[in-house]
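Down below is the structure, laid out as structure tokens.
Bear in mind these aren't lab numbers, they're just calculated from the coordinates by the rules spelled out. As the structure is a computational prediction, the values presented were derived from the model and not from experiment. In this analysis, Cβ positions are derived from the backbone assuming ideal geometry, glycine residues included, and neighbour counts consider all displayed protein chains.
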Amino acid sequence: MIGQLHGVLLEKQPPDIVIDCNGVGYEVQVPMTTLYALPEVNEKTLLYTHFVVREDAQLLYGFANKIDRKLFRLLIKASGVGPKLALAILSGMSAEQFVSCVAHDDASTIVKIPGIGKKTAERLLIEMRDRIKDWQVESQTPATDAAPLDLVSENAFIQSDAKGDAMNALVSLGYTQAQADKAVKAVYSKDKTSEVLIKEALKAML
């Protein structure tokens, strides 16, 4: 089990990132809430991870703090919720917001997450109610707490089109191409990074 990664952030291609840990580059999928907390490329970062082994793949998921990882692990135990849907939930809202939705039976907010219909939302609320009954808020360790590197990596990530990156990230979370295109265009301006576009587009849709 890989429990955490501490290294240099080499690439950010939402929702995927690459972290160099002593010469080994780990590909990690992260929710958008974690992406927003990451430092700039070529700076050090710390991620708490969850490792999934399947017959056809070995997948690593990363989180800015233990709270998000804890909720991710609880979500993937729920019927009908896999890692992709759990990432979509954590991309659309914080762990605390999700817990609040469960506590107040707020299915209307959860159904706005792509891939979750009314029945799924209602079932999820029922299943998660018992699982978060003893929810304790732990201290959160930000992903940006490490000092930046003095030297720039030779493999520094060359930033691609922010608008295209934002659209691709939304599609990977389960939104249709049309939804992603409409949402990103509504908040787009040339001075915004892909992270800002994703955050504002998600906020507009939720």
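Say the cut-off is 19 Å between C-alpha atoms; which of 84/163; 70/118; 112/203; 44/190; 12/192 go over it?
Those over the limit are 84/163; 70/118; 44/190.
Using Cα pairs under 8 angstrom and six or more residues apart, how large is the relative contact order of segment 162-205, in percent?
47 percent
On a 0 to 90 degree scale, rounded to 10, what angle separates helix 66-75 from the longest Cα axis of the chain?
Helix 66-75 sits at roughly 50 degrees to that axis.
Given the Cα-Cα distance of residue 13 and residue 188 and 0.36 nm per residue of separation, how much length would full extension add, in nm?
Stretched out fully, the residue 13 to residue 188 stretch lengthens by 61.2 nm.
List the relative contact order of the chain as a percent without decimals, with contacts defined as Cα pairs under 8 Å and 6+ residues apart.
22 percent
Subtract the Cα-Cα distance of residue 178 and residue 126 from 0.36 nm times their separation in residues, and report this length gain in nm to one decimal. Mind dumping the intermediate values first?
On the way: separation 52, 0.36 × 52 = 18.72 nm, distance 3.19 nm.
Taking residue 178 through residue 126 to full extension adds about 15.5 nm, to one decimal.
Rounded to the nearest 0.05, what FRET efficiency is calculated for residue 161 and residue 58 with R0 set to 30 Å and r the Cβ-Cβ distance?
Numbers: r = 30 Å, r/R0 = 1.00.
Efficiency at R0 = 30 Å is approximately 0.50.
State to the nearest 20 debye the size of the charge dipole of segment 1-87 about its Cα centre, where the only charges are +1 on K and R beta carbons and -1 on D and E beta carbons.
500 debye
Taking the alpha-carbon centroid of each part, what is the distance from segment 96-125 to segment 186-206 in angstrom?
23 Å
Quickly estimate the mean residue ellipticity at 222 nm for the chain, helices only: each DSSP H run with n ≥ 4 gives -39500 (n - 2.57), and the total goes over all residues, rounded to 500.
Calculated from helices alone, the mean residue ellipticity at 222 nm is -12000 deg cm²/dmol.
Using Cα atoms only, what is the angle between the long axis of helix 162-172 and the major principal axis of the chain, expressed in degrees (0 to 90) to the nearest 10?
Roughly 40 degrees, rounded to the nearest 10.
Taking the dipole about the Cα centre of segment 24-142, with the C-beta of Lys and Arg at +1 and of Asp and Glu at -1, give me whichever of 74, 93, 48 is farthest to the positive side.
The Cα lying farthest towards the positive end belongs to 74.
So how tilted is helix 194-205 from the main axis of the chain? Cα-based, degrees 0 to 90, rounded to 10.
Result, in degrees: 10.
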